[in-house]
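Please read the structure below before turning to the comments.
The values are calculated or read from the model by the stated rules, or taken from the named source; none is laboratory data. It should be emphasised that the depicted structure is a prediction, and the values quoted were computed from it without experimental measurement. Backbone-built Cβ (ideal geometry, glycine too); neighbour counts: all protein chains shown.
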């Protein structure tokens, strides 16, 4: 149950971030080309740390376009660690 809420929260953060970027005039190229994309990868949460050794990671959302008529993008929660 908690994992489902966390994934839903990440998808919601990604949707809000994409909406803000779409409304921002600095993202003109993205607005012109997003319709051609097969998918969009959004990482609203990225963490970096380091002292002697460094690392980074984050949690994001992959929106993949479904080519079938009448369907939209399907959100997929992802996690990245380096």
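Reported count of residues in region 21-44, each being within 14 Å of residue 61 (Cβ to Cβ) and assigned to a helix (DSSP H, G or I), is 1.
Matching residues to (1) loosely packed, with under 11 Cβ neighbours inside 10 Å; (2) at pLDDT 80 or above; (3) touching a strand residue (DSSP E or B) at 6+ places or on another chain (Cβ under 9 Å):
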residue	(1), (2), (3)
10	no, no, yes
26	yes, yes, no
34	no, yes, yes
65	no, no, yes
71	yes, no, yes
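Let's see how each residue does on (1) surrounded by 15 or more Cβ atoms within 10 Å (Cβ to Cβ); (2) touching a helix residue (DSSP H, G or I) at 6+ places or on another chain (Cβ under 7 Å); (3) at pLDDT 85 or above:
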position: 18; (1), (2), (3): yes, no, no
position: 49; (1), (2), (3): no, no, no
position: 77; (1), (2), (3): yes, yes, no
position: 80; (1), (2), (3): no, no, no
